[in-house]
Amino acid sequence: VGCAGESCISAKSGLLSSKTSLIHGLYRTMSPNSVCIQRAAEIQSVRASANATVDPQHSEKYCLDLVRDYEGFMSSLLLPLEARRSSLALRAFNVELAQVKDSVSQKTIGLMRMQFWKAAIEEIYRDEPPNQPVSLELWRAVRTHDLTKRWLLRIITEREKDLDDRAYRNLQELEAYSENTQSSLIYLLLECLGVKNVHADHAASHIGKAKGIVTCLRATPYHSSRRKVYLPMDICMLHGASQEDFIRGSREQNIRDVVYDIASQAHVHLQHARSFSNSVPAAATPAFLHTVVLEDYLQRVRKADFDVFHKSLQTRNPLLPIQLYIRSWKKTY
């Protein structure tokens, strides 16, 4: 994370012990363009030294550096201290899997990487984790919170399917992908918080789907610049929008209609998640703080008249840390 990472990890009490100083350091220095940028090349040197002993503090710092998702990291800082480090381990695990798709030139190599992680999960649950930073931090999280192996394996399996590198056939396929990846992460985060509640699980399912849909929308300008489009084909066809239209950065009404339909579905999932709010225990709400980020994007894309390429959507909301803190203080989502 450059100077942000170095300045934020020097506290004697541990990497994530000072919520206030971390927020200030991150708020000042972190790049707003980090959501879609892949950084596989930066971490190859650590993988190459897998046979060397990994220092526990190094593995924690490695995960901290790996998770450059600004909003996700800000949300992690507002978790209870005992869950914060485990949350970063889970996010780092997700980043490791997510960047496989962009960092390999052949699907076969990607499948090999996914197989490594499947084997790593089995070894973690045998208390024999691979000597790799994310694996060691994940092992610590599993031991500390007794995390469910099924959720971890489901994320890998879904990421493995995604190596086919094609657009989603329909919105339901995007929702299924989001459930198996984003919702699974939230289920694990609830376990880190010690929450076992059916209403919290239902809310987590909808929030995960909303997050997956919004992530797909937010990444559209980045993917389009690389001549790739992953938006659901059924909605694109419904409005007569071609992949080439997105690659050209078209702002025609039919493109906006596609964005409107997809964003509307994310909003529906947020509303469903909030319909459980009276039944969800307060202890679960830190796991749902990302709803602030999702709501912020949906409001901004609406103000931009659903122009997914509008420059206002490429900048960070400077009030977001305050909004997250207020929502955390109110224990609502």
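The values are calculated or read from the model by the stated rules, or taken from the named source; none is laboratory data. As the structure is a prediction and not an experimental result, all values here were calculated from the model. So basically every Cβ, Gly included, is an ideal-geometry build from the backbone, and we count neighbours across all protein chains shown. Side chains included, ligands, DNA and RNA excluded: accessible areas come from the protein's heavy atoms. Shrake-Rupley method; radii C 1.70, N 1.55, O 1.52, S 1.80 Å.
Scan LEU324, LEU270 and give me the residue that is assigned by the TED database to the domain that holds ALA200, within 20 Å of the chain's Cα centre (by Cα) and within 18 Å of GLY212 (Cβ to Cβ).
Step by step, each of LEU324, LEU270 is checked, and only LEU270 is assigned by the TED database to the domain that holds ALA200, within 20 Å of the chain's Cα centre (by Cα) and within 18 Å of GLY212 (Cβ to Cβ).
Per the listing ALA287, ALA283, the residue uniquely open to solvent by less than 20 Å² (accessible area, probe 1.4 Å) and either closer than 30 Å to VAL195 by Cα or in contact with a Phe, Trp or Tyr (Cβ under 6 Å, 6 or more places away or on another chain) (or both) is ALA287. Take GLU6 and tell me if it is open to solvent by 70 Å² or more (accessible area, probe 1.4 Å), modelled with pLDDT under 50 and either outside the structural domain of ALA287 (by the TED database) or not in a helix (DSSP H, G or I) (or both). In short, yes. In the stretch 317-329, the count of residues that are part of a helix (DSSP H, G or I), in contact (Cβ under 8 Å) with a residue 60 or more places away in the chain, closer than 24 Å to SER184 by Cβ and of a type outside the set (Ser, Thr, Tyr) is one or more. Screening ARG256 against (1) part of a helix (DSSP H, G or I); (2) open to solvent by 50 Å² or more (accessible area, probe 1.4 Å); (3) basic (Lys, Arg) leaves a single unmet condition, (2).
Within the stretch 306-321, being modelled with pLDDT of 95 or more and either within 19 Å of the chain's Cα centre (by Cα) or more than 28 Å from ASP245 (Cβ to Cβ) (or both) holds for one residue alone: LEU313. If the condition is being open to solvent by 40 Å² or more (accessible area, probe 1.4 Å), among the charged types (D, E, K, R) and touching a residue at least 60 places away in the same chain (Cβ under 8 Å), then the stretch 83-111 contributes ARG85, ARG91, LYS101, ASP102. Restricting to the stretch 104-130, name every residue that is within 22 Å of LYS161 (Cβ to Cβ) and among the acidic types (Asp, Glu). The answer is GLU122, and nothing else. Annotation note: of ASP296, ASP245, ASP305, the sole residue that is over 22 Å from HIS199 (Cβ atoms), touching a residue at least 24 places away in the same chain (Cβ under 8 Å) and surrounded by 15 or more Cβ atoms within 10 Å (Cβ to Cβ) is ASP296. Taking the stretch 119-208 as the region of interest, the helices (runs of 4 or more DSSP H) fully inside it that hold 3 or more residues being under 19 Å from HIS269 (Cα atoms) and either in contact (Cβ under 8 Å) with a residue 60 or more places away in the chain or open to solvent by 40 Å² or more (accessible area, probe 1.4 Å) (or both) are 171-178, 184-192. Does SER275 satisfy the condition of being under 26 Å from GLU179 (Cα atoms), among the polar types (S, T, N, Q), touching a helix residue (DSSP H, G or I) at 6+ places or on another chain (Cβ under 6 Å) and open to solvent by 50 Å² or more (accessible area, probe 1.4 Å)? The answer is no for SER275.
Could you grab me the full set of residues in the stretch 303-316 that are part of a helix (DSSP H, G or I) and over 21 Å from TYR230 (Cα atoms)?
Selection gives LYS303, SER312.
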